[in-house]
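The values are calculated or read from the model by the stated rules, or taken from the named source; none is laboratory data. Here the structure is a predicted model, which means the values were calculated and not measured. Heads up, the Cβs are rebuilt from the backbone with ideal geometry, glycines too, and the neighbour counts pull from every protein chain shown.
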Amino acid sequence: MAGQKGIGLKITLVYPRYGEDIHSLYFPFGLAYIAASLRDAGYDVHVVDMEGDALTSDEALERIVSSSPDMVAFGGMVTRYRMVKAMSGIIRSLIPGVFICAGNTGATTIPELYLRGCDLDCVVLGEGERTSVELAETLDSSGDWHEVPGIAWLDEDNNLARSAPREMIADLDTLPWPAWDLFPVENYISSMDHRQKRVRHLEVVASRGCPYNCVYCYRIYGRRVRRRSPESIVNEICELVRRFDIKYTGFPDDLFTSDRKFVMRTCELIKEKVPGMKWSCLGRVNTVDREMLETMKDAGCDWISYGIESGDDAMLKRLKRGVTSKQCLDALKLTESVGIHAEGSFIIGMFGETRESVKATVDFCIKADITVPMLFVTPYPGTAIFQEAMDKGLIGDLESFIMKMNAADELLINLTDFTDQELHELRDWAQGTVGRSYLLRKPFKRIPALIWKHFKLAGFKGILHDAKAFMISITGGRET
């Protein structure tokens, strides 16, 4: 078992599901980078991907035990905490002496909860590639793993203890590409993409970090943006084409468009080395201009999602977005004018939200001629609104709060002066009004397209869902 020098540590990485009945198919890049780093260091790495293989807890446990690991490490976002809690104790009972750890945004921001609530030896804080390798090497050589930088644990007195902080990786080009082959990658490639289209797709991580200070966002990679070289990024796209025959890619980074020179060079190489490849990215409205967007379009970009969040200027200030509604509207229209589809993300239910601020968001969406889901604000650990909610006593028992975390289309906590029912009705009215306006502006094009899209997604149930949603929208947010 772990600690016996010379036998070679066997490591099993686990990507948990949201829950037994909840499924979200998004490739786990963080865990795939860690898997690649551990394998490059010479370790026998096995992956149990509950999402990609649609495994139940029992099926996942069977695979974990059969891999005979010395070390088990959980990945996944904080929304998967309940699965880590449910499985970690069982794993320890089935594999005596196994070393169990976890690393993600939750383990980094609320490490004590993970350590007390789950049967873990330690948690990895922040960026995990270097820490995971050093932790494995220390366990493999019977060293003192408490001295590994970048981890936390409970000491002999049951108090939270931390080792020295781990420095961020300065040069992302030194990281190996994700270990796609250790995951059921074909299930991800052939799944529905973010545009709800079935085309062979897989994304590429181009950078880490975000310099902005939005109150609802936690930056596990820090505020300093570190970018891979455009050459490394495009070489990876070429490899994905060669190995997996992908037809579409994208960049899930916090902010792909923050460095103009980087974007222009990346576009130049995409056009040169993978001509015809279509791709998408996340952007920020105050970082784009016509020349950049035209260059992106010419290099295959067909979709940009901007974090707008509200159409009300007072609410944008409350969210610390650092932009105005006019800048947001101008960027959306500019993006569409060059032939790139523009979308925006929107949230409802922030501290200080009013009917007037929601109406301003609705008016904004109608002016922009877009339709998007209106998601409820969720205070994730490590964000400013999480701390504000804690300070105001809105979050009682922390573990109960985290256990309930789910998709943002469900109301987890009410930060407003509205009742829960009023907030739900306001969200339904806003989404229905925006959706109705969008459909009726070009009804003969958009309504058939929507019906066909949802039929492909869910058959006749999808069409019935559309009909019900439309009836709700034309009755002011209430069902008839």
Original post:
Any residue at all in the range 147-159 that is in contact (Cβ under 8 Å) with a residue 12 or more places away in the chain and surrounded by fewer than 12 Cβ atoms within 10 Å (Cβ to Cβ)?
Top reply: yes
**OP:** Would you mind telling me which numbered condition in (1) surrounded by 14 or more Cβ atoms within 10 Å (Cβ to Cβ); (2) out of contact with any Lys or Arg (no Cβ under 6 Å at 6 or more places or on another chain) K404 fails?
**Re:** (1)
Original post:
Within the range 307-337, which residues are part of a strand (DSSP E or B) and at pLDDT 95 or above?
Top reply: I308, E309
Original post:
Within the range 162-177, is there a residue that is within 22 Å of the chain's Cα centre (by Cα), among the basic types (K, R) and not in a loop (DSSP other than H, G, I, E, B)?
Top reply: no
**OP:** Check every one of the helices (runs of 4 or more DSSP H) wholly within the range 379-450 and list those with 1 or more residues that are outside the structural domain of Y216 (by TED's automatic domain parsing) and more than 25 Å from the chain's Cα centre (by Cα).
**Re:** 420-441
Original post:
Listed residues K278, K273, K320; which is assigned by TED's automatic domain parsing to the domain that holds K367, basic (K, R) and surrounded by 15 or more Cβ atoms within 10 Å (Cβ to Cβ)?
Top reply: K278
**OP:** Check S345 against each of (1) under 30 Å from E112 (Cα atoms); (2) touching a Pro at 6+ places or on another chain (Cβ under 9 Å) and name the one condition it does not meet.
**Re:** (1)
Subject >> Which listed residue, of G76, G89, G52, G42, is surrounded by fewer than 17 Cβ atoms within 10 Å (Cβ to Cβ) and either touching a Pro at 6+ places or on another chain (Cβ under 6 Å) or more than 22 Å from W180 (Cβ to Cβ) (or both) >> reply: G89
Original post:
Within the range 379-392, is even one residue in contact with a helix residue (DSSP H, G or I) (Cβ under 7 Å, 6 or more places away or on another chain) and surrounded by fewer than 17 Cβ atoms within 10 Å (Cβ to Cβ)?
Top reply: no
